[in-house]
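Take a look at the structure below.
The values are calculated or read from the model by the stated rules, or taken from the named source; none is laboratory data. Keep in mind that this is a model prediction, so the values were computed, not measured. Cβ atoms come from the backbone with ideal geometry, glycine included; neighbour counts cover every protein chain shown. The protein model used for the area step is the full one, side chains on, heavy atoms only, and it has no ligands, DNA or RNA in it. Shrake-Rupley method; radii C 1.70, N 1.55, O 1.52, S 1.80 Å.
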Amino acid sequence: MNVSPDLIEATVRCRRDLHRFPELSWTEFRTTAKVAAILDGLGYQLHFGEDYLDLPSVMGRTIDVAAEKQRAAGQGADPAWLARMGDYSGLAATMSMARPGPVIALRFDIDALPVNESQSSAHAPCCGGFASDIDGKMHACGHDGHTAIGVSVARWVVENRERLAGEIRLIFQPGEEGCCGGKAVAKGPVLTGVDYFLAMHLGINVPSGAVVVNPTGFLATTKFDMTFSGRPAHAGIEPNAGANALACACTAISQMLAIPSHRDGMTRINIGSLVSDGGRNVIPASARLCGETRGETQALDAYMMDAVQRISQAAGVMHGVDVELTIEGEAPDCDNSPELVARLRQQAEQLPGINDVVEQRPFGASEDATWMVRAVQAQGGQGVYFIMGSDLPEGHHKSGFDIDEAVLGSAVALMASMVESLTTDPSDN
């Protein structure tokens, strides 16, 4: 399986364009419009909003749609596509092949992060003139590369449609950061009847030229916000008249960080931010914290969240403060399908750009594509999530992050070879 130089060049161009205009979770309107225009021109049937998402399962979405679309239009998004996609970013694209066969779904995440990109002269995007144009936002996890890979796989499928079989479904998922979009995709209509599901990630501390075909240790996670509503009062004249929301939040944090580890496996909790509106001499009436739990399994993550809920309620009673907990994102653990892992290994070993096929390696983090792997497996299909190695000058979610663009062609080739293998072997149809 060889990818043409023209297709590799197109992949790099697409990635660099997306890198310049990063969009946070659920605001990826420019990205969606750009992808939609390309895929529509290739002949794909496009699906937006509730046509591919289960809207009640959407999490962590608080945006001004009109303002975000106006911003996207100013960054080059076609207003016609912005109107057609409705209020939700992301899309699914489907195409039937020349002959009957399996249904294959490929997922590519599209969102960026609230990170300021490095301005160092040694940073390749700066040298190449494609660093982020948006202050405080950056593709610091490689999703621009993922999206570009997906677009190029879409082109390859069209070029080879007559010799392929079945149906291809390409999912360009919003809201992976924070694990707030995957569940809505998994519970939506796009995965119904899928026989094979594939997703991937660039980097993850795996070097260029290597592929991890069976990552393990996907951590279940819950992302949560807590709001504390007390009563303000003068801190000197009548402190007894107030109910200190900040003190309540601090009590909750100290106890959450002391939740006992579980005997059955690894658990984690982190409180990432705490904001209050109090003044030096004012009893603060409100506070808000953002946190997350993780566990080796959903049961272990549930153990952590049960403790979080009990602690928040108890802290509220102690301080006379109302406490509200909201779930902003979730992802389960998962295991790859052994048969599909074996197929992936076989294909990876045949590609010239790959010199090291690693059987297993701990993933060590959370990924909401796990919702999709599990959904396909639950209906009798197979799913796999793999890591495409990429040398990184700086780690994920850091300002100096960048991918090795030389691996983009190999990623396209591996995805394409999997599609070819699954749709041209009669024994699998």
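Below are the figures for this structure:
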{"read-out": "Three-way shape call for the stretch 124-173 based on the alpha-carbon gyration tensor, with the a/c threshold at 1.5", "value": "prolate"}
{"read-out": "Calculated over the stretch 285-429: convex hull of Cα atoms, volume per residue (Å³)", "value": "154"}
{"read-out": "Rounded percent of accessible protein surface that carbon and sulfur make up, the chain, 1.4 Å probe", "value": "47"}
{"read-out": "Solvent-accessible area of Tyr303 with every protein chain in place, 1.4 Å probe, in Å² to the nearest 10", "value": "60"}
{"read-out": "Contour excess over end-to-end distance, with Cα ends at Asp264 and Ala122 and 0.36 nm allotted per residue", "value": "46.6 nm"}
{"read-out": "Accessible heavy-atom area order of Cys14, Cys180, highest first, probe of 1.4 Å", "value": "Cys14, Cys180"}
{"read-out": "Spatial separation of Cα centroids for the stretch 22-45 and the stretch 253-306, in angstrom", "value": "36"}
{"read-out": "Against the rule of thumb 2.2 N^0.38 Å, how large the Cα Rg of the stretch 13-160 comes out", "value": "1.08"}
{"read-out": "For the chain, built as a Gaussian network whose Cα springs stay under 10 Å, the top-fluctuating residue of Ala233, Ala348, Ala406", "value": "Ala233"}
{"read-out": "Whole-Å distance, taken between Cα centres, linking the stretch 162-185 and the stretch 55-119", "value": "11"}
{"read-out": "Amide H partners (placed H, <5 Å) of Gln382, local residues excluded", "value": "Tyr196, Phe197"}
{"read-out": "Per residue solvent-accessible surface (Å²) - the stretch 1-128, probe of 1.4 Å", "value": "42"}
{"read-out": "Amide N proximity, the stretch 380-400 versus Asn355 label position 7 Å along Cα-to-Cβ, cut-off under 15 Å", "value": "389-391"}
{"read-out": "Gyration tensor verdict on the stretch 236-358 (Cα atoms; rounded if a/c is under 1.5, prolate if a/b is larger than b/c, oblate otherwise)", "value": "prolate"}
{"read-out": "Highest average packing first - 69-75, 116-122, 246-252, Cβ atoms within 10 Å", "value": "246-252, 69-75, 116-122"}
{"read-out": "Length gained when the stretch Thr227-Glu394 is fully extended (0.36 nm per residue, less Cα-Cα span)", "value": "56.7 nm"}
{"read-out": "Directionally averaged projected area (convex hull, Cα atoms, the stretch 50-124), nm²", "value": "8.9"}
{"read-out": "Sum of side-chain charges, Leu113 neighbourhood, beta-carbon under 9 Å (Lys, Arg +1; Asp, Glu -1)", "value": "-1"}
{"read-out": "Arg361 accessible area, assembled protein chains, probe 1.4 Å, Å²", "value": "90"}
{"read-out": "Charge sum, other residues only, whose C-beta stays under 12 Å from Gly400's C-beta, Lys/Arg counted +1 and Asp/Glu -1", "value": "-2"}
{"read-out": "Relative contact order %, the chain, counting alpha carbon pairs below 8 Å whose residues are six or more apart", "value": "23"}
{"read-out": "For Lys183, solvent-accessible area (1.4 Å; no DNA, RNA or ligand), Å²", "value": "40"}
